[in-house]
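Peer 1: Here it is, the structure in full.
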Amino acid sequence: MDAAPLYQVMIVDDEASIVSAVRRELSTPPLGRYRYEIEGFTDPAAALERAKTKRFDAVISDYRMPGMDGLEFLKALAALQPECARLVLSGQTDMEGLIRMVNETHIYRFIPKPWHDYFLKSSLSQAIAYASAVTENKRLASLVRERGIAVSALEEGEVDQILIVDDDPGILASLSRILTRHGRIDDLFAAIQSEVGRRDRPLLDESKISVQITPSPRHALAMATELTFSCIISDYRMPEMNGLELLQKFAEIQPDCSRLMISGEISQDELIIAVDIAHIFGFISKPWQDFELKLSIAQALTWRRIQRENHTLAEMVRAAGAGSAKAAQ
């Protein structure tokens with residue numbers, strides 16, 4: 001039997017004992033589905049220098065570190081290795097910092113100190129699986145482009161449906177008004193064009209949006225069986241069910257829909273669960289700044305479109321390969 005492939009994992013924590021503890025946990029049976037080659041760093045700057053010469057599949061980083069905190073480090077690492085799955089390990093996270101971590105670095109998982117070995121291992125394996133799938137889709141998409149397969153109609157005429165769920169009628173009206181003021185969000189997508197690195201053609205500059213609103217989570221789930229949504233924005237505290245439960249159930253129906261949470265009443269532990277369990281793309285605090293709100297939604301829509309495009313292109317490669325194999329028979 002072939003040996004399981006080794007996945008490259010970086011651990012960054014200013015406490016050497018924590019680096020050693022994480023390394024020990026990941027190397028102690030039961031090992032799970034993956035095997036890891038681990039490099040540990042107590043200096044984030046040294047970790048970034050290493051990332052310039054070696055590719056990593058995942059990074060587990062502390063949040064509070066002297067000199068360079070986890071947010072600054074993960075943003076710099078993402079610029080060097082955007083496909084590296086990012087996990088945060090910390091026991092001293094403030095609410096503002098966690099929100100910025102979610103929104104600015106799109107961490108896959110937050111692991112509080114002290115951690116349970118099963119949760120640490122399962123979190124890392126899920127992050128590896130997700131990042132591997134994204135990398136494979138991008139590789140296949142690159143093959144389509146190299147072979148000159150026409151993809152011009154891939155996004156033509158598509159409308160992004162956004163669903164807003166909040167039991168406060170005033171919030172529903174305000175969000176709907178902000179998002180439909182001009183009927184387009186072209187300027188917002190242009191603002192993040194450099195972030196996603198798509199300069200080969202205008203980035204969604206003809207994309208339109210349609211906003212649906214409901215105060216009822218149960219109605220939202222019913223709507224998900226009838227209409228495909230690009231993004232759902234859910235309040236956290238609602239009488240029928242909380243936003244975490246709604247987003248989990250919604251993801252079972254429409255797993256490709258980007259999920260955003262909006263709330264003025266959520267604890268740090270609840271937000272961590274939303275990241276870990278519902279895999280929210282971003283968090284919006286009440287009250288919000290209009291530009292920050294729009295930019296968060298624009299980023300969520302852009303990420304979803306790139307993922308869907310990669311998936312479609314990958315299917316084209318598979319179909320072309322199957323056709324070539326049949327012709328050769």
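Values quoted throughout were computed directly from the atomic coordinates according to the rules given, and no laboratory measurement underlies them. Quick caveat: nothing in here was measured; it's all calculated off a predicted structure. For neighbour counting, all protein chains shown are included, and Cβ atoms are generated from backbone atoms with ideal geometry for every residue, glycine included.
Peer 1: Between ASP290 and ARG100, what FRET efficiency follows from the Cβ-Cβ distance if R0 is 22 Å, with the result rounded to 0.05? It would help to have the intermediate numbers written out before the result.
Peer 2: Numbers: r = 18 Å, r/R0 = 0.84.
For ASP290 and ARG100, the calculated efficiency is 0.75.
Peer 1: Along the principal axes of its C-alpha atoms, what lengths does segment 10-155 span, in descending order and rounded to whole Å?
Peer 2: Per principal axis, max minus min of the Cα coordinates gives 53, 35, 29 Å.
Peer 1: How far, in nm, would the chain grow between SER142 and ALA319 when pulled straight, counting 0.36 nm per residue and subtracting the alpha carbon separation?
Peer 2: 62.2 nm
Peer 1: Give me the distance between the Cα centres of segment 86-149 and segment 4-52, rounded to whole Å.
Peer 2: Centre-to-centre (Cα) distance: 15 Å.
Peer 1: Which entries of LYS54/LYS249; LYS121/LYS208; LYS52/LYS286; LYS138/LYS208 show an alpha-carbon separation above 32 angstrom in the structure shown?
Peer 2: Table pairs above 32 Å Cα-Cα are LYS54/LYS249; LYS121/LYS208; LYS52/LYS286.
Peer 1: Output ³J(HN,Hα) for segment 132-144: one whole-Hz value per residue in order, computed from phi by the Karplus curve 6.51 cos²θ - 1.76 cosθ + 1.60 with θ = phi - 60°, and x for Gly and Pro.
Peer 2: With the stated coefficients, segment 132-144 comes to 5, 5, 5, 4, 5, 4, 5, 5, 5, 4, 5, 5, 4 Hz.
Peer 1: Another one. Using a Förster distance of 30 angstrom, determine the FRET efficiency expected from the C-beta separation of ALA45 and GLN268, and round it to 0.05.
Peer 2: On the way: r = 28 Å, r/R0 = 0.93.
Taking R0 as 30 Å, the efficiency between ALA45 and GLN268 is 0.60.
Peer 1: Relative to the present Cα-Cα distance, how much length would full extension add between ASP117 and GLN307 at 0.36 nm per residue of separation? Write out the running numbers ahead of the final one.
Peer 2: Numbers: separation 190, 0.36 × 190 = 68.40 nm, distance 3.12 nm.
That works out to 65.3 nm of additional length.
Peer 1: Apply the Karplus curve 6.51 cos²θ - 1.76 cosθ + 1.60, θ = phi - 60°, to the phi angles in segment 239-250 and return the couplings in whole Hz, x for Gly and Pro.
Peer 2: Once rounded to whole Hz, the list reads x, 5, 6, 7, x, 4, 5, 4, 5, 5, 5, 5.
Peer 1: Give me, ordered by chain and number, the residues 5 or more places off SER258 or on other chains with an amide H under 5 Å from its own placed amide H.
Peer 2: Here the answer is CYS231, ILE232, since their amide H atoms fall under 5 Å of that of SER258.
Peer 1: Taking amide H positions as placed in the peptide plane 1.01 Å from N, state which residues far from TYR7 in sequence (5 or more) or on other chains have amide H under 5 Å from it.
Peer 2: Amide H neighbours of TYR7: ARG35, TYR36, GLU37.
Peer 1: Could you give me the ³J(HN,Hα) list for segment 267-274, computed from phi with Karplus coefficients 6.51, -1.76, 1.60 and θ = phi - 60°, whole Hz, x at Gly and Pro?
Peer 2: 7, 4, 4, 5, 5, 4, 5, 4
Peer 1: Now for a different question. Label-point separation (nm) for ALA76 and THR135, each offset 7 Å from Cα along Cα-to-Cβ?
Peer 2: So the two model labels end up 2.3 nm from each other.
Peer 1: Which length gain, in nm to one decimal place, applies between HIS219 and THR53 when the Cα-Cα distance is subtracted from 0.36 nm times their residue separation?
Peer 2: Working: separation 166, 0.36 × 166 = 59.76 nm, distance 5.07 nm.
Gain on stretching HIS219 to THR53: 54.7 nm.
Peer 1: Can you list residues from other chains, or at least 5 along the same chain, whose modelled amide H is less than 5 Å from the amide H of GLY40?
Peer 2: ILE11
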